[in-house]
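Novice: Right, I'll just put the structure down here and ask away after.
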Amino acid sequence: MKALVATAFLASAASLPAWAANVSVTDAWARATMPGQKVSAAYMQIRTDAPARLLSATSPVVPRVEVHEMKMDAGVMRMRQLQAVDLPAGKTVSLEPGGLHIMLMNLPKPIAAGDVIPLTLVIESGGVQQTVEVKAEARAPGKGTMHGH
């Protein structure tokens, strides 16, 4: 009987999804805004130890958060929302001005330099979804922090 239970346990364990990836997020920051500005963006470096995907992001202080990409298309820079961003194992994916980024939309108030924007990233790896809490400190607009909105 013990052998039957052990065999059943091992068979069911083999069908479970893989463990979630270890995710590291560094250099998270958001762009400070001017009065009346209703959008901003957040940037960061994401690294995982297993193949994964960034599925979405949310924030308790921003009504609408989307993952976006800026890309040249027929000589015109265009921005579009993405359903997911691939996170290859062992490689750092940069969310940065002019490329992949997290849009912060319908801001209820301006974001001042030094403010901290809490973000929750939803990462999927091996069929397992996990959340990663991130604190993005707002930086004043300047060289290397501009976002074309």
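Novice: Go over the candidates Thr48, Thr92 one by one and state the one that is touching a Leu at 6+ places or on another chain (Cβ under 6 Å), modelled with pLDDT of 95 or more and polar (S, T, N, Q).
Specialist: When all the criteria are applied, what remains is Thr48.
Novice: So which of Val25, Val62 ends up being within 23 Å of Lys109 (Cβ to Cβ) and either touching a helix residue (DSSP H, G or I) at 6+ places or on another chain (Cβ under 7 Å) or of a type in the set (Val, Ile, Thr) (or both)?
Specialist: Val62
Novice: Mind listing whichever residues of region 99-112 are under 16 Å from Asp27 (Cβ atoms) and either exposed (fewer than 14 other Cβ atoms within 10 Å of the Cβ) or more than 12 Å from the chain's Cα centre (by Cα) (or both)?
Specialist: Gly99
Novice: Examine region 11-20 for a residue that is out of contact with any Gly (no Cβ under 6 Å at 6 or more places or on another chain), closer than 16 Å to Thr131 by Cα, surrounded by 16 or more Cβ atoms within 10 Å (Cβ to Cβ) and modelled with pLDDT under 95, and state whether such a residue exists.
Specialist: Yes: region 11-20 contains one or more residues that are out of contact with any Gly (no Cβ under 6 Å at 6 or more places or on another chain), closer than 16 Å to Thr131 by Cα, surrounded by 16 or more Cβ atoms within 10 Å (Cβ to Cβ) and modelled with pLDDT under 95.
The values are calculated or read from the model by the stated rules, or taken from the named source; none is laboratory data. If you're wondering where the values come from, they're calculated on a predicted model, not measured in any experiment. Virtual Cβ from ideal backbone geometry, glycine too; neighbours counted across all protein chains shown.
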